[in-house]
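Comments concern the structure below.
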Amino acid sequence: MSKTSVIVLNYNDKENTKRIVGDYQSMECLDHIVIVDNCSKDDSYKELKKLENKKVSVIEAKENKGYAAGNNFGIQYIKDHFETQDYYIISNPDIYIEEEAIQKCINYLNTHKNVAIVSPKMLNRNGDVHPLFGWKHRTLLGDIIESSRWLSEIKKKPKEAYDKKVLENDEVLVDCIPGSFFVIQARIFEKIGYFDENTFLYYEEDIIAKKIKKLGYQEVILSKYSFKHMEGTSVNNSLKFMKKYNTFQKSKMYYHKNYNEKANFIGLGILWFVTKFRYVEELLTNIYYKIKNFILTYGLKIYKLLILFIALLSLPIYKILQKKKCLYFSVVTWKWIKQRPHFVALKIASEVEPTIYTYTEPYPKYLKKENHKMNVVQNEETNENLEIKPYYIVPEHLPNSWKNQFKAVTRTLFLNVDKVIYTNPFQVQYYFLKILKLRGVQVFYECMDNNIYFYNNKEEYEMYEKVLIEESKKIIVSATGLKKMFQEKYQCPEEKITLVRNGYDEKTFKDKEEYSVTLQHPCATYVGTIDDWFDFDSIQKYAKKHPDFTFYLYGPVGRNAQTFKEKNKLKNICFMGSVEHKYVPSILEKSDIVLLPFIINSLIEDVDPVKMYEYLYMKKEVVSSYWEELNQFQGLVHFYGEVKDFESAMTDALSHKHKYNTKDYQQLMKESTWKERLIEYMNILKEEKNND
């Protein structure tokens, strides 16, 4: 039985340390856990000392000599107090890892004596593969370029990171493994003299990699397993940029001078000069940006006044030439799976006036192609009154950056419409509201989701939402929860808010088009966007217990759900990609059960799901999470609360069939067509039109 000890180095990060040590204590594959407090400036040592038991030791370094010395101190403690170890684990406090991943690393080293270090692949805090999950030996040229702010902007450094595609292999041989978590053979660690304590922070992994290579051993990543790294909590909290930079450069210089056999006197001299010159770079760059921001800030104000003046002078001509046209600013691209915005825009174009359907889109050269085909559809449209026109932006800059503001002001001058419907508060940045107001353009706010959920800068979101509420003639909401929110949060008068629920497209579902797909029975189908609100736990638990039952998930997979998709090894959970809306009825018809499995959060609580109306029109048994907005579907849906209730809801749906010939059901279907739902919406637009 191999002996394995883990060293956790703490510096002012007691909460993360307590959490990870708590995880490690329950892992049978670990024999000892040594917490080294590296002279924290808070009460970390005192707090962590409370964790001590037979498995956990807490020691305090007398002096903070850095990352390498701190870990060596922990290793020496293990050597002095416990029997000989087979493996050491070096672990940051700010990681999340499962025991299975650690055990697999230990097993791998047991059977591969030529491998010194092994680690699972590293993910970032979002669950995406970290770009530095492993890297090649650093070059002096690359580090010179990286050390200079100006050089790094002019010339790309040699590529030292591995392409993510290498992780398609289960075992990936790399030059260097990140120091946030790795398992190393104790005998080899001892041979190389453990960590080199001449670096305070950074390049420890690179130095170890060079030593290991010199002895003929290898480093491997087991890409089937992973750990999440929350990124340098203690370092980022305690080091300012230039102090961090200088520490980094000292380690960099030491590495190249002592371990890079290709480094020479000239190259090291250039690295020294670039390091010293960085102070000048930072000073001159900061001065440049201050001058630039000053000019642009006042330049933009002057430009706005100029454009406003031009708009004022041209107002009589504009009034003569003004078109009766509506700009519908959508929250989704036209090629996303069909949702409320698509149906609303089509209805306006058909009944009220010609419509421009616009949405923010990065310029084509910025578009990411990954997962593109799986996430988009064509949504071909022949309505001549509907113009689909992306609003291109520069994604590197915030919407309110000077580039996009200049563009917004200029674009508004040439915008010829009489109505603008916004669907997200941040969209007000893309047109100059003062010009719209001057021209008498009617502004509406359609809120179909509590979109603040998607943003970290919630205060800024609320600021723009207040502006939009104030400027809007009417606010149209899709759910009662949203109406209540506007009344309570913004004291918005009830008469200004109109509730227009979601619905279904009766023509598409009556004249359903056949979709060639064979589903394995029994099965359940979900159609819609798949993201972090999707209840994967319930689906996965049921799929494991019932391998003969298949789940088909149709729709685009959001960024926060990609990890689950990538990790999913169950053959009876199938991600089918996006599908044209005209094929949805055919897919639902072939399904035994249809799903609406959502995790209830601040977003979902205010959702009136389009798919629910579509599911019920097809007279399918629906298994759905429950939230208050779904009260209108009581008696027609198999609701569940927690994960443990999902199986009973599924069992009920398979055995109990609802009766769909009731008057209540028929009334619900009659009033839930988009034709009926949008009557009041269209009346609002026509009323405002007549009041112009």
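Brief remarks on what is shown
- Of the residues 318, 298, the single one that is farther than 30 Å from residue 137 by Cα, surrounded by fewer than 16 Cβ atoms within 10 Å (Cβ to Cβ) and at pLDDT below 95 is 298.
- Of all the numbered requirements in (1) in a loop (DSSP other than H, G, I, E, B); (2) modelled with pLDDT of 90 or more; (3) closer than 30 Å to residue 283 by Cα, residue 231 misses one, and that requirement is (2).
- The stretch 533-562: number of residues that are surrounded by fewer than 17 Cβ atoms within 10 Å (Cβ to Cβ), of a type in the set (Asp, Glu) and either farther than 19 Å from residue 590 by Cβ or in contact (Cβ under 8 Å) with a residue 60 or more places away in the chain (or both): 1
- Of residues in the stretch 636-692 being part of a helix (DSSP H, G or I) and among the small types (Gly, Ala, Ser), the one surrounded by the most Cβ atoms within 10 Å (Cβ to Cβ): 649
- Filter result for residue 267 (part of a helix (DSSP H, G or I), small (Gly, Ala, Ser) and over 14 Å from residue 67 (Cα atoms)): yes
- Annotation note: of 52, 63, the sole residue that is without any contact (Cβ under 8 Å) to a residue 12 or more places away in the chain, surrounded by fewer than 22 Cβ atoms within 10 Å (Cβ to Cβ) and farther than 22 Å from residue 190 by Cβ is 52.
- The set of residues in the stretch 523-538 being closer than 18 Å to residue 332 by Cα, under 17 Å from the mean Cα position of the chain (by Cα) and not in a strand (DSSP E or B) consists of 529, 531, 532, 533.
- Selection count where residues are in a loop (DSSP other than H, G, I, E, B), more than 22 Å from residue 647 (Cβ to Cβ) and either in the same structural domain as residue 449 (by TED's automatic domain parsing) or at pLDDT 95 or above (or both), scope the stretch 588-608: 3
- Which numbered condition residue 2 misses (of (1) over 18 Å from residue 94 (Cβ atoms); (2) of a type in the set (Gly, Ala, Ser); (3) in a helix (DSSP H, G or I)): (3)
- The residue that is nearest to residue 620 (Cα to Cα), among those in the stretch 496-516 that are free of Cβ contacts under 8 Å to residues at least 24 places away in the same chain and part of a loop (DSSP other than H, G, I, E, B), is 511.
- Each residue in the stretch 114-141 was checked for being surrounded by fewer than 20 Cβ atoms within 10 Å (Cβ to Cβ), under 23 Å from residue 218 (Cα atoms) and not hydrophobic (A, V, I, L, M, F, W, C), and 5 pass.
- Within the stretch 594-610, the only residue that satisfies the criterion of being crowded, with 23+ Cβ neighbours inside 10 Å, touching a Leu at 6+ places or on another chain (Cβ under 7 Å) and within 25 Å of residue 654 (Cβ to Cβ) is 594.
Rundown of residues vs (1) free of Cβ contacts under 8 Å to residues at least 12 places away in the same chain; (2) buried (at least 20 other Cβ atoms within 10 Å of the Cβ); (3) closer than 19 Å to residue 250 by Cβ, yes/no style:
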{"residue": "190", "(1), (2), (3)": "yes, no, no"}
{"residue": "201", "(1), (2), (3)": "no, no, yes"}
{"residue": "216", "(1), (2), (3)": "no, no, no"}
{"residue": "224", "(1), (2), (3)": "no, no, no"}
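- Checking residue 472 against (1) surrounded by 14 or more Cβ atoms within 10 Å (Cβ to Cβ); (2) under 21 Å from residue 607 (Cβ atoms), the condition it does not meet: (2)
- Scanning the stretch 152-164 for residues that are more than 25 Å from residue 566 (Cα to Cα) and surrounded by fewer than 15 Cβ atoms within 10 Å (Cβ to Cβ) returns 152, 153, 154, 155, 156, 158, 159.
- So residue 519, is it hydrophobic (A, V, I, L, M, F, W, C), loosely packed, with under 15 Cβ neighbours inside 10 Å and outside any helix (DSSP H, G or I): no
- Hits in the stretch 472-509 - residues which are touching a Pro at 6+ places or on another chain (Cβ under 9 Å) and among the β-branched types (Val, Ile, Thr): 508
- Filtering the stretch 141-179 to residues that are in a loop (DSSP other than H, G, I, E, B) and in contact with a Phe, Trp or Tyr (Cβ under 8 Å, 6 or more places away or on another chain) leaves 148, 160, 162, 175, 178, 179.
- Verdict on residue 524 being in contact with an Asp or Glu (Cβ under 8 Å, 6 or more places away or on another chain), crowded, with 17+ Cβ neighbours inside 10 Å and either in the same structural domain as residue 620 (by TED's automatic domain parsing) or under 26 Å from residue 375 (Cβ atoms) (or both): yes
- A count restricted to the stretch 653-690 and to residues that are without any contact (Cβ under 8 Å) to a residue 40 or more places away in the chain and more than 21 Å from residue 354 (Cβ to Cβ) stands at 13.
- A search for C-beta distances below 8 Å between a residue of the stretch 639-652 that is farther than 14 Å from residue 546 by Cα and at pLDDT below 95 and any residue that is among the polar types (S, T, N, Q) and not in a loop (DSSP other than H, G, I, E, B), counting only pairs 6+ apart in sequence or on different chains, returns 641/625; 643/538.
- Test set (1) closer than 18 Å to residue 360 by Cα; (2) touching a Cys at 6+ places or on another chain (Cβ under 6 Å) - residue 477 fails condition number: (1)
- Check on residue 660, under 28 Å from residue 602 (Cβ atoms) and of a type in the set (Ser, Thr, Tyr): no
The values are calculated or read from the model by the stated rules, or taken from the named source; none is laboratory data. Keep in mind that this is a model prediction, so the values were computed, not measured. Note that each Cβ is placed from the backbone with ideal geometry, even for glycine, and that neighbours are counted across all protein chains shown.
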